Structure formats: C-alpha cells, structure tokens
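A.B. asks: Before I ask anything, here is the structure I am working with.
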Amino acid sequence: MKEHSTDKTSPDASSRPYKHSLLEDEWQKKWVSEDLYKTPMPKDSQRRFYALSMFPYPSGNLHMGHVRNYVITDVIARKRRMDGFAVLHPMGWDSFGLPAENAAIERGIQPSDWTEKNIAQMKKQLKRLGLSIDWNKELTTCHTDYYKWTQYIFLKLFNSGLAYQKKAKVNWDPIDKTVLANEQVDADGRSWRSGAVVQQKELKQWFLRITDYSEDLLKDIQKLKEWPERVKTMQTNWIGRSEGMEINFNVIGFPNKTINVFTTRPDTIYGVSYIVLSPYHPFIDEITQEENKTKVAEYINMLNQKDIKCSTSIKEEKSGVSTGAYVKNPINNQNIPIWIANYVLTDYGSGAVMGVPAHDERDYEFAQKYKLTISQVISNSKNYSVEDSNKPYLEEGVLINSNERTGLTTREAKKNIIEEGIKKGWGKYKVEYRLRDWLISRQRYWGCPIPIIHCNSCGTIPIDNKDLPVELPSASTSSQTIVSDLSSYKDWVNIKCPRCNLEARRETDTMDTFMCSSWYFLRFTDSSNNKEPFNKDVINHWLPVDQYVGGIEHAILHLLYSRFITKALNSADLISIDEPFKRLLTQGMVQGITYKNTFTGKYIAPEEVKNTREPRDPRTGDELEVLYEKMSKSKYNGVDPCRVIDKYGADTARMFVLFKAPPEKDLEWNDADVEGQHRFLQRIWRLLNKFNSHDIRNLIPKFNEPNKTDNSDLNALEKSLRTSIHKAIKEVTEDLSEDFQFNTAISELMKLTNSMYSSLDGVNINLRAEAFSVLIRLLAPFAPHIAEELWSLLGGKESVHKQQWPKYIQEYLQLDNVKIVIQIQGKVRGAIEVERGSEQLLVEKKVLDSSIAKKWLDNKTPKRIIFIPDKLINLVI
C-alpha cells in the first residue's frame with residue numbers, strides 16, 4: 001500500500017508504467033484508512049464550505065449523468081479544501097418510492113431488501129470514482145433514524161396549521177395507482193414517472209400550505225444571485241403572481257349564492273358574455289336548472305373518464321355545457337348565462353372565469369363554438385375590429401361600448417372599476433397565485449408513514465413526538481399477496497386512541513418522497529444526532545449550502561419544496577436561514593450516439609448496426625437517423641461507467657466529463673475523446689518519469705507556497721516557463737472560482753504540460769521543481785489518484801489533497817518583450833517580438849522560422865547575419 005514517504009521515490013518506482021487500476025485502488029484504500037475526507041471541526045477563524053450534489057435514488061447502477069454530477073461537486077470540494085476551507089461534502093440516498101415497491105412486488109421480496117442491495121452496489125461504484133465524500137455523514141431516507149425526523153417535521157407543520165387534510169379532486173396515476181402533485185403532471189397530462197395519462201379522482205388527501213409562503217418564495221428569488229436565470233424564471237412562472245380584481249357575480253334566483261371571479265382585466269367587464277365554471281365547482285349541483293341536469297351530469301362523467309390535460313392545454317378543443325342558470329353583471333346589471341367548461345382550472349382562483357370572448361383566445365374559441373355573444377369593449381388607435389379580423393383583441397387600448405367609461409385607457413379603467421367595486425361592495429383588489437398547496441398524500445406502501453391517528457370521538461390526533469418513529473409494517477414477501485398500500489395491514493392500522501382509549505386507526509397514506517428530500521441537506525450537518533433532527537447552532541455553522549449541483553429537471557419540484565420547508569422551519573424558529581442553497585449549478589445531460597428508425601419510431605442498439613457510415617435497421621432495412629440523445633436504457637445509448645473505469649481508470653472518466661463541455665451544457669459521449677484524456681494523463685506520467693530526481697524531491701516542499709525570486713538570474717527559456725507556470729495558476733484558479741469552466745481549466749493544464757515538455761531540458765533544477773509542484777497540485781482536484789501518486793513519487797510527506805492551492809505572482813505573468821526589426825539585404829521587411837535580452841541564436845531561429853523570412857529569402861541561406869541585441873537583425877544573402 002502506498003504511503004506518503006520517500007521510500008518509493010527511487011528511479012525504479014518513478015519509471016513504472018501508468019497502471020490506473022492498481023494505483024487508484026491503492027490510493028482509495030489509503031484515503032479510507034486515513035479518514036482523509038472526514039468533515040473537520042473548523043477553527044473559529046477557518047472558512048467553511050458546504051458542497052452538495054443532489055442525492056440519488058438507489059436504482060442499483062450509476063449512469064454517466066451521476067458521474068458528471070458528482071465529479072463536478074467533487075472538484076469544487078477538493079479545490080476549497082486546498083484553499084484552506086473546512087469542507088462538508090456528504091452523500092446519501094433518496095430511497096423511498098415506487099420503483100423499489102414495484103421491484104419488490106415483481107420479485108416477491110421486501111422493498112427494504114431491494115433498496116439496501118442497490119445502495120451497497122451504487123456506493124461501491126461511487127467509491128471507484130475517487131470522490132472526496134465524508135461517508136460518516138451518510139444518510140438513507142427509508143431508515144427509521146431519518147424518517148423519524150421527517151415525521152417530526154410533519155408534526156411541526158401540522159401543529160402550526162401548515163399541514164391539513166381535505167377532500168379534493170386529485171391527479172390519479174392509473175398505472176402506479178397513486179396521487180400526483182400538480183408539479184408531477186407534465187404539459188401533456190401524463191405522470192412524470194410512469195408516463196400514464198392522469199385521471200381526476202376525488203379523495204381525502206393531505207396538503208401542505210405552501211401557498212402561505214407564495215409571496216416570500218417569489219420575493220426571495222431576488223436573493224438567489226448565484227442561481228441560473230433559467231431556474232429563477234421557471235420558479236417565478238410556477239408561483240405565478242397576478243394582480244387584479246375579484247368580482248362578485250350574484251346568481252339569479254339564489255340569494256345566498258355569489259360566484260367570485262378573479263381577473264387581471266377588470267377593464268373588460270363590459271364585454272362579459274358568460275360565466276364559466278370548472279366541472280368540479282361546488283355550486284354546480286345546486287344552481288343547475290332541472291332541464292339541464294342530465295346533460296351536465298353526462299358532460300362531467302365524460303370529463304372524469306378523460307385525462308386532465310383538457311383542463312390545462314390551450315391546444316385542446318374547448319367543450320362545455322350550459323347550466324341554465326344566470327348571474328347579474330354588477331357593472332351594468334345584464335343577465336349573463338353560467339356555463340361549465342373543460343378549460344377552467346378547479347384550483348386557480350375560485351374555479352370560475354368570466355368569459356370575455358372579444359379579448360381572450362380561449363373564450364373566443366368557446367364562444368364561436370357555442371354561438372355565444374362576442375362584445376368588443378376595447379380597441380386601439382387604428383379602430384381594430386374583432387368582427388372584421390376574426391381574432392380577439394388582446395392588447396391594452398381604449399374602452400369602447402363601455403357606457404360612461406368609453407374613452408378611458410385600459411389602465412385608467414382598471415383603477416376606476418376596482419374603486420367602484422370596492423365602494424359598492426361587489427369587488428376588491430386581489431393578488432392571486434398560480435401556486436397551489438402541495439399535495440403530499442400517496443396511496444403506497446413504500447414511503448414515510450404520516451404520524452396521524454383518526455378517532456371517531458377525538459378526531460384527527462397527531463402522534464406524540466416521544467412515540468416517533470411510526471414504523472412501516474413488515475411487507476408481505478409473496479408476489480401474489482403483497483399489497484401496495486397500508487390500509488390492508490389491519491393489525492398495523494387498528495390502534496387504541498391515545499386520548500380516549502377507544503378504537504381508532506392510523507393514517508394509511510404515506511408522504512410524497514419529495515417531503516423526504518426537502519430537508520435532507522439540513523440533516524447532513526448533524527446526521528448522528530438522535531435527540532433532534534439537527535442542532536440550530538450546527539445549521540447556522542454550515543448553512544446555506546455553498547454549492548448545490550443537480551439537474552435542471554428539479555428546478556420546480558425539489559428546489560421549490562426545499563425552499564418552502566426551509567422557510568417554514570425558519571418560522572418555527574428551528575433554523576435561522578431562510579434560503580437553503582446559496583449557489584446552484586444545473587449540469588447538462590450526458591448524451592450518447594443514438595440510432596433511430598424514423599418510420600417506426602424504434603431505437604436500434606449500436607451493436608446491431610453493422611455499417612455505421614450508412615446505418616440501417618437490421619429488421620426492416622430502413623435508413624436510420626443518427627443523433628445524440630440523453631442516455632437511456634430504452635434508447636440503447638447508455639455507457640456503463642464501470643466499463644470506462646475498468647478500461648481507462650476513474651481519473652480518465654473524470655477528466656472526460658469535465659473537459660468535453662462546459663458544466664451547464666449537454667455533453668456528447670465520444671470514445672475517442674475519452675482516449676484523448678487517457679493519453680494526456682499518460683503524458684504527464686512520462687514527463688515525471690523523465691525528470692524526477694533526488695534533487696527535485698528535496699526541493700518540492702519549498703514550492704508549496706508562492707516563491708518569489710529574482711527573475712534576472714533566469715535565461716529566456718526559464719523566464720518563459722515561469723510565465724507559463726503562473727499563467728496556468730491564474731487561469732485554473734479563475735476557472736474554478738467564478739463561473740465554473742472545468743474544460744478551459746484542463747486546457748490550461750495541457751498548455752502547462754506542453755511548456756514543460758519543451759522547456760525542462762534547459763531550465764534549472766529549482767524551476768523544474770516549481771513546475772512539477774504547481775502542475776500536480778493544479779491537477780489534483782480533477783484527477784486525484786494520479787496526482788496523489790505523482791506527488792508521492794516526488795517525495796510528498798502528506799497527501800497532495802492537503803497541500804495549499806498554488807498562488808500566482810502578478811509580475812511573472814508577463815514576459816519583458818521587445819520588438820526586433822527584421823531586415824533582408826538592409827531593407828525592413830517586418831518585425832517579431834522576443835523577450836528582452838534574448839541571445840542571438842534564439843532570435844535567429846525564431847526569425848528564420850518566421851513567414852517573413854520564408855517569403856523574402858526564397859529558400860536561400862543567409863551568408864551573414866548582423867544582430868543588434870533587442871533592436872535589429874539583418875539577413876544578408
């Protein structure tokens with residue numbers, strides 16, 4: 001096993017070939033034995049840094065997207081350690097969820113067994129990457145020592161009024177047989193996980209009042225100065241703040257019934273030609289006229305059988321039915337019919353919309369279909385006509401056909417109408433949000449149990465903290481009898497009420513897995529605490545997370561929920577921070593070369609494609625489209641990280657995913673580029689083998705800090721190399737400090753390596769030692785194993801990862817250059833730039849190699865060369 005000593009720095013040791021598998025395994029064992037990456041207790045004056053990757057679901061195998069995510073975070077963490085920070089870099093497992101449950105049903109095993117097996121396998125794979133993770137901080141969300149505190153947080157929310165249960169129309173996944181939050185349904189009305197068309201179903205569900213924090217979540221986006229603009233825009237749009245007016249429309253014939261409608265365009269109130277309700281509005285049964293009840297019932301039943309995208313998509317054909325009832329328009333006392341339609345969202349506003357077809361595209365389409373009145377009440381200076389244009393007028397302008405308000409601008413009219421509504425009691429100014437309360441109920445077994453008891457006498461009772469955790473019952477292990485929700489575990493469900501001692505029952509819903517992941521970053525800081533989920537002082541010590549790395553797909557779900565839970569815990573005085581993540585990096589996808597039959601839509605495995613230049617479907621003979629797409633099993637374009645590590649080593653895999661593309665851009669996998677990075681590491685290895693010596697090893701410690709020396713004693717070649725060294729330090733440092741540019745940082749390492757190859761033969765031993773010291777320390781965060789080995793071969797007494805990050809010296813960044821005039825036969829033909837004091841032979845070579853000399857000498861050899869140092873060179877033919 002390797003040790004940090006000079007015992008293995010003999011010429012024989014340094015001339016060994018680069019065997020990645022041997023040295024990577026040895027150093028990983030060494031790091032573990034030394035507990036090298038254990039989170040330190042920072043000194044009072046020491047800076048702290050919390051680096052975190054979004055923790056994975058334990059599917060059983062790493063994919064290249066995982067590799068890219070974790071390597072990016074690892075480079076950042078390693079660099080900060082070398083900067084002198086106390087670094088927290090943990091890892092855990094987001095381990096509840098449907099895949100484990102479905103796998104258990106298929107295999108007839110416990111979900112926990114399947115999960116633990118996958119965790120063990122993925123942990124082994126992760127360790128092969130050489131990540132500087134503190135595994136002492138490891139947590140697993142399906143373990144009782146974690147979900148006990150998830151339940152504790154739920155109870156905090158419940159006791160503060162932020163968790164509640166109600167009956168509601170919900171998004172039902174018919175394949176996974178569970179409820180989905182709105183955020184888990186895509187734009188086509190399909191489940192984010194199963195892809196099933198989502199249905200509407202009425203169930204009693206648990207919600208968290210995220211809407212209580214709508215304004216804070218929106219306002220505080222401005223604090224997230226180091227988040228990508230794209231993510232901030234997505235969250236802003238999802239929260240969806242709208243300013244407008246709530247208008248009360250009284251239902252004719254029902255004195256106690258008022259339909260409240262929110263609108264951002266009160267200036268269009270004179271153009272209202274109908275009121276449209278969501279199919280699930282609570283007034284429908286009561287106000288629908290007798291002669292319309294059959295049609296209304298048939299219509300709603302038809303919608304219940306369809307997917308929910310009809311309620312949300314502008315492209316979906318609008319449909320509806322009349323209730324036969326009317327409301328009174330408060331602005332002009334006109335009677336307006338009440339319709340039901342599929343394009344009104346139940347949970348936005350009040351589930352009712354005022355139909356203004358002349359000034360809204362959906363209303364216009366609906367009114368045309370059902371031949372409803374279209375009354376234009378706004379136009380522009382060009383007298384735009386809705387009737388003539390066959391298109392609604394959507395912009396602001398001037399009111400027309402609006403009684404005494406005709407002629408007002410839309411801005412004036414909005415203000416005026418809101419004031420009248422407030423004065424007369426039929427309206428008020430209102431801010432509305434698109435954000436809905438977070439539905440956390442899931443009708444599945446493998447999730448965190450909700451710590452609630454239901455008693456017919458005492459009602460809904462929270463479990464006492466001392467009785468936590470509420471553990472899951474043992475799952476059936478027979479694939480024929482295993483059940484997918486807790487209600488079937490009668491012995492577990494039935495319980496005595498803790499208050500009245502009568503028969504009661506446990507809550508059988510489990511929590512959305514996003515509840516588990518909405519606070520895990522807090523637990524990492526204090527993962528062994530068995531008295532509380534975390535200590536407030538410890539949280540204040542480490543949080544917010546300095547650098548968070550994950551996929552853009554989590555921009556709304558996980559990131560928004562985590563922000564909400566953080567703010568809720570702040571309100572409960574459990575923590576002092578109000579935002580969880582200071583800086584966010586959303587890495588791009590890893591794409592693989594993909595073969596697709598455009599006629600059938602099927603993907604073809606690369607090994608089935610015989611001729612890659614003219615690829616064809618082996619079954620149909622159709623020409624195949626060749627493209628890069630996100631790696632996926634279904635597309636047969638994935639690359640097994642373990643195969644890459646076996647062949648090239650973890651350092652090569654790390655270097656490739658960092659070098660191929662900027663971190664936020666998609667990365668196209670290419671085996672040739674992987675081999676290129678492997679060759680680069682071998683090149684560094686050979687460079688050290690060539691120049692390593694006892695004298696260099698004795699000098700290495702001298703260069704662990706900036707070493708300013710007099711440049712006057714250096715020749716031109718030495719000055720040039722020193723400039724290359726300090727330019728590399730400057731560029732790599734900046735690439736790892738501001739906007740992370742790992743690819744250009746590696747390019748700088750290549751430039752420095754090239755400079756060393758061309759210079760080391762002609763430079764003094766001190767400069768050689770300085771060059772190697774800097775190169776290896778700069779390389780260390782990117783390729784930690786080979787850097788550690790090279791450092792050891794150079795006589796490093798401690799790990800290279802404990803060394804100080806190099807610092808550049810400003811005055812070494814620029815060479816002291818002069819312009820040399822080139823004359824041919826005494827005539828000026830151009831000039832070149834060389835370092836001041838350059839010797840004649842060096843200048844002659846540079847001039848003769850120049851395009852100027854080649855052009856004017858015309859392949860002739862100068863008979864005489866006249867040289868005036870730092871000024872002129874004359875070539876005489």
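A.B. asks: With M234, M302 as the choices, which residue is over 27 Å from K167 (Cα atoms), open to solvent by 40 Å² or more (accessible area, probe 1.4 Å) and either out of contact with any Pro (no Cβ under 7 Å at 6 or more places or on another chain) or in a loop (DSSP other than H, G, I, E, B) (or both)?
C.D. replies: It is M234.
A.B. asks: How many of the residues making up region 786-801 are surrounded by fewer than 19 Cβ atoms within 10 Å (Cβ to Cβ), touching a Ser or Thr at 6+ places or on another chain (Cβ under 9 Å) and among the acidic types (D, E)?
C.D. replies: 0
A.B. asks: Still on this structure: Across region 365-379, what is the total count of residues that are open to solvent by less than 50 Å² (accessible area, probe 1.4 Å) and within 23 Å of R405 (Cα to Cα)?
C.D. replies: Here the count works out to 5.
A.B. asks: I'm trying to understand the selection: among the residues of region 157-183, which are under 28 Å from the mean Cα position of the chain (by Cα), outside any strand (DSSP E or B) and either surrounded by fewer than 18 Cβ atoms within 10 Å (Cβ to Cβ) or modelled with pLDDT of 80 or more (or both)?
C.D. replies: Once the filter is applied, which keeps residues that are under 28 Å from the mean Cα position of the chain (by Cα), outside any strand (DSSP E or B) and either surrounded by fewer than 18 Cβ atoms within 10 Å (Cβ to Cβ) or modelled with pLDDT of 80 or more (or both), region 157-183 yields L157, L162, I175, K177.
A.B. asks: Still on this structure, I have one more. Can you pull out every residue in region 594-625 that is in a strand (DSSP E or B), open to solvent by 70 Å² or more (accessible area, probe 1.4 Å) and within 27 Å of P641 (Cβ to Cβ)?
C.D. replies: The answer is E625, and nothing else.
A.B. asks: Would you confirm whether or not region 39-56 contains a residue that is surrounded by 19 or more Cβ atoms within 10 Å (Cβ to Cβ), closer than 19 Å to R583 by Cα, among the basic types (K, R) and touching a residue at least 12 places away in the same chain (Cβ under 8 Å)?
C.D. replies: no
A.B. asks: Please enumerate the residues belonging to region 57-72 that are open to solvent by less than 20 Å² (accessible area, probe 1.4 Å), in a helix (DSSP H, G or I) and in contact with a strand residue (DSSP E or B) (Cβ under 9 Å, 6 or more places away or on another chain).
C.D. replies: M64, V67, R68, N69, Y70, I72
Per-residue answers, yes or no, for (1) surrounded by fewer than 17 Cβ atoms within 10 Å (Cβ to Cβ); (2) under 25 Å from A728 (Cβ atoms); (3) β-branched (V, I, T):
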{"site": "Q803", "(1), (2), (3)": "no, yes, no"}
{"site": "Y808", "(1), (2), (3)": "no, yes, no"}
{"site": "G826", "(1), (2), (3)": "yes, no, no"}
{"site": "V847", "(1), (2), (3)": "no, no, yes"}
{"site": "I866", "(1), (2), (3)": "yes, no, yes"}
{"site": "P869", "(1), (2), (3)": "yes, no, no"}
{"site": "I877", "(1), (2), (3)": "yes, no, yes"}
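A.B. asks: Check whether at least one residue in region 390-401 is surrounded by 12 or more Cβ atoms within 10 Å (Cβ to Cβ), among the hydroxyl-bearing types (S, T, Y) and over 15 Å from Y270 (Cβ atoms), and report yes or no.
C.D. replies: no
A.B. asks: Next question, about the same structure. Just give me the residues in region 222-262 being among the β-branched types (V, I, T) and touching a helix residue (DSSP H, G or I) at 6+ places or on another chain (Cβ under 8 Å), in sequence order.
C.D. replies: If the condition is that a residue be among the β-branched types (V, I, T) and touching a helix residue (DSSP H, G or I) at 6+ places or on another chain (Cβ under 8 Å), then V231, T236, I239, I247, V251 are the ones that fit.
A.B. asks: For C448, state whether it is open to solvent by less than 20 Å² (accessible area, probe 1.4 Å) and free of Cβ contacts under 8 Å to residues at least 60 places away in the same chain.
C.D. replies: no
A.B. asks: What single numbered condition from (1) at pLDDT 90 or above; (2) surrounded by fewer than 16 Cβ atoms within 10 Å (Cβ to Cβ) fails to hold for K708?
C.D. replies: Here K708 meets the rest and fails (1).
Yes/no matrix, rows are residues, columns are (1) over 26 Å from L714 (Cα atoms); (2) modelled with pLDDT of 90 or more; (3) polar (S, T, N, Q); (4) touching a Cys at 6+ places or on another chain (Cβ under 9 Å):
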{"residue": "E798", "(1), (2), (3), (4)": "yes, yes, no, no"}
{"residue": "H801", "(1), (2), (3), (4)": "yes, yes, no, no"}
{"residue": "I820", "(1), (2), (3), (4)": "no, yes, no, no"}
{"residue": "Q825", "(1), (2), (3), (4)": "yes, no, yes, no"}
{"residue": "L842", "(1), (2), (3), (4)": "no, no, no, no"}
{"residue": "K855", "(1), (2), (3), (4)": "yes, no, no, no"}
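The values are calculated or read from the model by the stated rules, or taken from the named source; none is laboratory data. Remember, predicted model here, so these are calculated numbers, not experimental data. Heads up, the Cβs are rebuilt from the backbone with ideal geometry, glycines too, and the neighbour counts pull from every protein chain shown. We work out accessible area using only protein heavy atoms, side chains counted, and drop any ligands, DNA or RNA first. Shrake-Rupley method; radii C 1.70, N 1.55, O 1.52, S 1.80 Å.
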